[in-house]
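Enquirer: Structure in structure tokens, see below.
The values are calculated or read from the model by the stated rules, or taken from the named source; none is laboratory data. Given the structure is predicted, the values throughout are model-derived calculations rather than measurements. Ideal geometry is used to build each Cβ from the backbone, glycine not excepted, and the neighbour counts take in all protein chains shown. Note: accessible area is taken over every heavy atom of the protein model, side chains too, but ligands, DNA and RNA are not part of it. Shrake-Rupley method; radii C 1.70, N 1.55, O 1.52, S 1.80 Å.
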Amino acid sequence: MKIKDHKKFENIKIISFDLDGTLVDKNTFDKIFWHKVLPELYAKKHKISIKKAEELVTKEYYKAPQSHPNWYRPKHWFKFFDLKEDHEQVLEGMKEKIKVYKDVIPTLKKLHKKQKMIVITHSTRDFLKFKMEVENLKQYFDKIISTTDDLEAIKKDEKIYKLILKKLKIKPEEMLHVGDNKVFDFEVPRKIGINALFVDRSEKTKGKFVIKSLEQVMNFI
Ligand SMILES: [Mg+2]
């Protein structure tokens with residue numbers, strides 16, 4: 001069956017992508033770091049079981065205010081738990097866990113030829129350093145914005161999108177944002193006039209601007 005032609009977005013100057021869950025599998029690197037690797041270090045330090053360590057560490061994560069950028073920073077938690085290992089080395093040691101979705105590189109290759117692209121993510125620089133290296137992901141992007149580290153903001157709210165548009169010197173309608181969070185990658189940007197596509201790889205959501213694979217971005221450009 002031929003894919004029905006979508007109405008294309010016009011005059012797009014920049015396509016911005018969310019990172020975790022959109023380009024990079026969020027259940028790999030970050031999750032393993034917070035729920036396996038860090039608890040293992042904690043278990044080693046206190047000579048307790050890994051299971052117990054995971055319990056204790058997770059309890060502390062949820063006690064702390066998630067509204068603070070530090071909550072997303074490995075460095076903060078290494079200090080908090082008094083772990084002597086170097087967090088950067090620990091992340092480096094597990095970088096082979098990072099997985100880029102298989103539809104990503106082929107799509108970026110095609111888009112790269114005709115479109116300026118950026119990444120807007122709340123992933124911190126510590127993680128980004130390794131994530132953007134995988135399959136040389138960073139070569140496709142003009143800019144990588146970590147809202148947490150560059151803008152001290154953990155949510156991609158209206159204010160953050162407006163600030164980014166201002167920095168990029170473009171109008172909302174000249175941007176297309178693509179991401180996997182229904183609220184912060186889709187509803188929020190659309191509210192201020194940014195075009196958006198919602199990535200739902202689980203195929204649970206239906207809609208004119210819902211895509212199940214990144215390759216479908218090509219239908220709108
Ligand atoms: Mg995401």
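Enquirer: Once each part is reduced to its C-alpha centroid, what is the distance from the range 192-210 to the range 106-184 in angstrom?
Expert: 17 Å
Enquirer: Per residue, what volume in Å³ does the convex hull of the Cα atoms of the range 29-96 enclose?
Expert: Hull volume over Cα atoms, normalised by residue count, gives 82 Å³.
Enquirer: What part of the accessible area of the chain, given as a whole %, is carbon or sulfur when the probe is 1.4 angstrom? Before the final figure, lay out each step's value.
Expert: Values: 6380 of 12300 Å².
In the chain, the share of accessible area belonging to carbon and sulfur is 52 percent.
Enquirer: Could I ask something else about it? Just to be sure I understand the model, the point goes 7 Å from the Cα along the line to the Cβ. What's the resulting residue 96 to residue 115 distance in nm?
Expert: Taking the simple label geometry, residue 96 and residue 115 are separated by 3.4 nm.
Enquirer: Restricting things to Cα coordinates, could you compute the convex hull volume per residue of the chain in Å³?
Expert: In the chain, the Cα convex hull volume per residue is 133 Å³.
Enquirer: How large is the charge dipole for the chain, taken about the Cα centre, if only the Cβ atoms of Lys, Arg (+1) and Asp, Glu (-1) carry charge, to the nearest 20 debye?
Expert: On the way: 49 positive and 34 negative charges, 104 e Å.
So the magnitude is around 500 debye.
Enquirer: While we're here: Kindly give Rg over Rh for the range 124-172, based on alpha-carbon atoms, with the Kirkwood expression for the hydrodynamic radius.
Expert: Rg divided by Rh gives 1.02.
Enquirer: Please compute the net charge surrounding residue 156, taking Lys and Arg as +1 and Asp and Glu as -1 over other residues with Cβ under 10 Å from its Cβ.
Expert: Neighbour charge sum, excluding residue 156 itself: -2.
Enquirer: Counting only other residues whose beta carbon sits under 11 Å from that of residue 46, what net charge do I get with K and R as +1, D and E as -1?
Expert: +3
Enquirer: Let me ask you something else. Exactly which GluC sites (Glu not before Pro) in the range 4-82 are in a DSSP loop and have at most 14 other Cβ atoms within 10 Å? Present the calculation step by step, with values, prior to reporting the outcome.
Expert: Numbers: sites: 10, 40, 54, 55, 60; in loops: 10.
Here the GluC sites (Glu not before Pro) that fit, given the DSSP loop and packing criteria, are 10.
Enquirer: What FRET efficiency would be calculated for the residue pair residue 66, residue 10, taking the C-beta separation as r and a Förster radius of 30 Å, to the nearest 0.05?
Expert: According to the calculation, E is roughly 0.20.
Enquirer: Would you mind getting the accessible area per residue of the chain, heavy atoms of the protein chains only, 1.4 Å probe, in Å²?
Expert: Spelled out: the 1.4 Å probe surface of the chain, per residue, equals 56 Å².
Enquirer: OK, next. Residue farthest toward the positive end of the dipole of the range 26-98, with Cβ of Lys/Arg at +1 and Asp/Glu at -1: which of 49, 70, 38?
Expert: So the residue furthest toward the plus end is 49.
Enquirer: A further question follows. Less than 16 Å apart at the alpha-carbon level, and either on another chain or at least 8 residues along: which lysines does that give for residue 159?
Expert: Cross-link targets: 167, 169, 171, 191.
Enquirer: Once the other residues with Cβ under 15 Å from the Cβ of residue 56 are scored (Lys, Arg +1; Asp, Glu -1), what is the net sum? Could the numbers behind the result be given before it?
Expert: Details: positive: 36, 44, 45, 47, 51, 52, 59, 63; negative: 40, 54, 55, 60, 82.
With Lys, Arg at +1 and Asp, Glu at -1, the net is +3.
Enquirer: Give the Rg/Rh ratio for the range 71-127, taking Rg as the radius of gyration of the Cα atoms and Rh as the Kirkwood radius, to two decimals.
Expert: Rounded to two decimals, Rg/Rh equals 1.13.
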